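See below for the structure under consideration.
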Amino acid sequence: MSVLVYADSNNGTLTKNAFEAASYGAQIAQANGTNAVAVVVGSASGLEDLGNYGIAKVLHLSDASLDNFDPQKITGIIAAAAQQEGASTIIFSHDFSGKSVAPRLSAKLDAGMVTGAVALPNGNVIKKAVFSGKAFAEVEVNTDTKIIAVLPNSVDKVTTGGSASVEAFSCDIPSSGLTVKEIKKESTELSLTEADIVVSAGRGLKGPENWGMIEDLAKELGAATACSRPVADIGWRPHHEHVGQTGFAIRPNLYFAIGISGAIQHLAGVNGSKVIVVINTDAEAPFFKAADYGIVGDAFEVVPKLVEAVKKLKA
Amino acid sequence: MKILVCISKAPDTTAKIAFTDGDTKFDENGVQFIVNPYDEWYALVRGLELKEANGGSVTVINVGRADSDPVIRKALAIGADDAVRIDADTTDALYVAKQIANYAKENAYDMVLCGKETIDYNGSQVAGMIAELMNAPYVSLASKLDMNGNTATIERDIEGGVEVVETATPFVLSSAKGMAEARIPNMRGIMAARTKPLNVVAASEANNATTIKGFSLPPAKSGCKYVDADNVEELVNLLHNEAKAI
Ligand SMILES: Cc1cc2nc3c(=O)[nH]c(=O)nc-3n(C[C@H](O)[C@H](O)[C@H](O)COP(=O)(O)OP(=O)(O)OC[C@H]3O[C@@H](n4cnc5c(N)ncnc54)[C@H](O)[C@@H]3O)c2cc1C
């Protein structure tokens, strides 16, 4: 019973999350003494690299008509691949693509699914994040086939130095009622949900004209920028920067919260960050309770100094 | 336009997260329950806007027991025409999706609108499952929905941007920020909600594909290390050498 991994690609390149899902699936396969097989849909190159994360074989359905992401078609393709490989465990990343395809596949195969997995399974029991990162649940899958969607940046990747064999795959491609009309990227900047470092600021910055230093810091660190909800609501920053319970949930390695009080709804979207740095004038700001490092001080004095200190480090 | 909006009952965003019965049950003691924010603010309100512009009806559906009725009434107060509650305990997404899909298929809706996830179990599962069970297109994390006759133009969140897709009714989507602005029910709405139909129907036969075995809380942070505001270089030093984060 092999393990099947859906490896998502974007503009012909495998995503960071695809490698995480691959490594997760390969570790399960290894624990069960079986192989991990990845499925890639649409034009993409560099697929052998999945071998470095433990994938033995890649099934590639490279039909150019599939370059536009189509969950209905991909669901059918993965189901066909699972049948061919006799796979009983199917792995996704719990990202934008995974959220579009995995639930469909679960219903199609009548297979129990756990999303937001934060650890390798223990038998049929999988640990997942619940209550917006405020707790974990252990969920048992009761069906023979299981589907697991891994929470990005929460399970360590294991490299093996291997290379995967790539095989062309074909199957009946199901019809779909969806047409992709256009893809609009907000900017050429780093995407917030994929960034390793995020510099975020809140109402403490007083006005949109003061974001220059936040952008400077982000630039020095190679970070993406984010903001609290009121800042997006008043229009100081674009909506796609809003993080928290009602905006994007992010899990970077390093999160700077500058002039953000740390309301529970804000924390719900950022509490998965590995290291949190808080800069706030108010020593009583709730964010310090969630912080790893803190400076009680005025952002307008601290941040410019921080920019200089980072410059010095990078020099 | 016949619109079905799926609503879930969720603990208030500020609720204390604790567990009872040997950490196998969420402790509801003192917890205020609300309509799951994505369902209410985005899916329901966009559904109402489309009805107001094009005519038709908005039905809200919930799978749950009688303790869901207050949040269902809230959705009616905001403006839904009627409500359906499928009487069942909910522990598994696929079970819930089957209940809703069966109902939706029997009643021929033009669209089924859901929230992007519930704020308790954070599954992001039910909407996509309903779509597959209905053999209908599914658009996840939609931030914009416009209708032109039977054609829907939908924007959905993707990595670093949005994708614009087109599909015909019937379809299923999950809603994220941007779809609509939250509405606060007014007195008239609250009064009207009391007499709007809330039909309780029996659940159809289905298995639970998953079971929750237990809960745990994340380990407490070891505490914040404070750096003096005059010594910002020390912060950079710690982030580089200790946290290895930059
Ligand atoms: C259902 C619901 C959902 C919500 N969802 C979200 C969400 O997704 N994301 C979100 O962010 N919020 C959300 N909120 C709002 C949330 O409750 C807070 O109101 C919000 O996060 C506060 O934003 P803030 O920290 O920027 O502003 P404030 O709370 O006003 O905090 C500003 C902070 O800046 C500090 N400050 C002031 N001047 C300076 C200075 N010169 N230097 C340094 N620090 C300074 C202050 O001490 C204060 O701590 C939600 C609320 C509800 C009810």
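The values are calculated or read from the model by the stated rules, or taken from the named source; none is laboratory data. Predicted model, so just to flag it, every value in this text is computed and none were measured. Positions of Cβ are backbone-derived with ideal geometry, glycine not excepted, and every protein chain shown enters the neighbour counts. Surface areas here come from the heavy atoms of the whole protein model, side chains and all, with no ligands, DNA or RNA. Shrake-Rupley method; radii C 1.70, N 1.55, O 1.52, S 1.80 Å.
Just the residues that are open to solvent by 10 Å² or more (accessible area, probe 1.4 Å), at the interface with chain B (Cβ under 9 Å from one of its Cβ atoms) and of a type in the set (Ser, Thr, Tyr), please, taken from the stretch A:77-110. Matches in the stretch A:77-110: A:SER97 only. Where residues in the stretch B:201-236 are surrounded by 12 or more Cβ atoms within 10 Å (Cβ to Cβ) and more than 8 Å from chain A (Cβ to nearest Cβ), which of them is nearest to B:ASN107 (Cα to Cα)? Once the filter is applied, the top-ranked residue is B:VAL201.
Residues are listed down the side, and each one gets a yes or a no for (1) free of Cβ contacts under 8 Å to residues at least 24 places away in the same chain; (2) open to solvent by less than 10 Å² (accessible area, probe 1.4 Å); (3) touching a helix residue (DSSP H, G or I) at 6+ places or on another chain (Cβ under 8 Å):
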site	(1), (2), (3)
B:ALA93	no, no, yes
B:GLN99	no, yes, no
B:LYS116	no, no, yes
B:SER124	no, no, yes
B:ASP146	yes, no, no
B:ILE154	yes, yes, no
B:VAL162	yes, no, no
B:PRO170	no, no, yes
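Residues in the stretch A:288-299 that are more than 26 Å from A:PHE248 (Cα to Cα) and either aromatic (Phe, Trp, Tyr) or more than 7 Å from chain B (Cβ to nearest Cβ) (or both): A:ASP298 alone. Here B:THR13 clears all of (1) of a type in the set (Ser, Thr, Tyr); (2) under 26 Å from A:SER106 (Cβ atoms); (3) within 11 Å of another protein chain (Cβ to nearest Cβ) except the condition numbered (2). For the stretch A:152-253, the strands (runs of 3 or more DSSP E) that sit wholly inside it and include 1 or more residues that are open to solvent by less than 40 Å² (accessible area, probe 1.4 Å) and within 13 Å of the ligand (Cβ to nearest atom) are A:197-201, A:224-227. Would you check if B:ARG156 is assigned to a strand (DSSP E or B), among the basic types (Lys, Arg) and out of contact with any Gly (no Cβ under 6 Å at 6 or more places or on another chain)? Criteria met by B:ARG156. One residue is enough: does the stretch A:279-299 have a residue meeting the conditions modelled with pLDDT of 95 or more, touching a helix residue (DSSP H, G or I) at 6+ places or on another chain (Cβ under 6 Å), open to solvent by 20 Å² or more (accessible area, probe 1.4 Å) and within 9 Å of the ligand (Cβ to nearest atom)? No.
Of all residues in the stretch A:300-315, those satisfying the criterion of being open to solvent by 60 Å² or more (accessible area, probe 1.4 Å), within 16 Å of A:LYS219 (Cα to Cα) and over 29 Å from the mean Cα position of the chain (by Cα) are A:LYS305, A:GLU308, A:LYS312, A:ALA315. Here A:ILE74 meets each of (1) open to solvent by less than 10 Å² (accessible area, probe 1.4 Å); (2) closer than 18 Å to A:ALA36 by Cα; (3) more than 9 Å from chain B (Cβ to nearest Cβ) with one exception, condition (2). In this structure, B:LEU235 qualifies as of a type in the set (A, V, I, L, M, F, W, C) and over 22 Å from the mean Cα position of the chain (by Cα).
Exactly one residue among A:VAL243, A:VAL278 is of a type outside the set (Ser, Thr, Tyr), touching a strand residue (DSSP E or B) at 6+ places or on another chain (Cβ under 8 Å) and facing another protein chain (nearest Cβ under 10 Å), and that residue is A:VAL278. Within the stretch B:22-42, the set of residues being away from the ligand (no atom under 15 Å from the Cβ) and within 14 Å of chain A (Cβ to nearest Cβ) comprises B:GLY22, B:ASP23, B:THR24, B:LYS25, B:PHE26, B:ASP27, B:GLU28. Please specify each residue of the stretch B:128-143 satisfying the condition of being facing chain A (nearest Cβ under 7 Å), in a helix (DSSP H, G or I) and open to solvent by less than 10 Å² (accessible area, probe 1.4 Å). B:GLY128, B:MET129, B:ALA131, listed by residue number. Checking each residue in the stretch A:254-265 for being within 9 Å of another protein chain (Cβ to nearest Cβ), outside any helix (DSSP H, G or I) and near the ligand (Cβ under 9 Å from one of its atoms) picks out only A:ALA263.
One residue alone among A:ALA268, A:ALA285, A:ALA226 is of a type in the set (A, V, I, L, M) and at the interface with another protein chain (Cβ under 9 Å from one of its Cβ atoms), and that residue is A:ALA268. Residue selection: A:ASP144 satisfies the criterion of being open to solvent by 50 Å² or more (accessible area, probe 1.4 Å), closer than 20 Å to B:GLN125 by Cα and more than 10 Å from chain B (Cβ to nearest Cβ).
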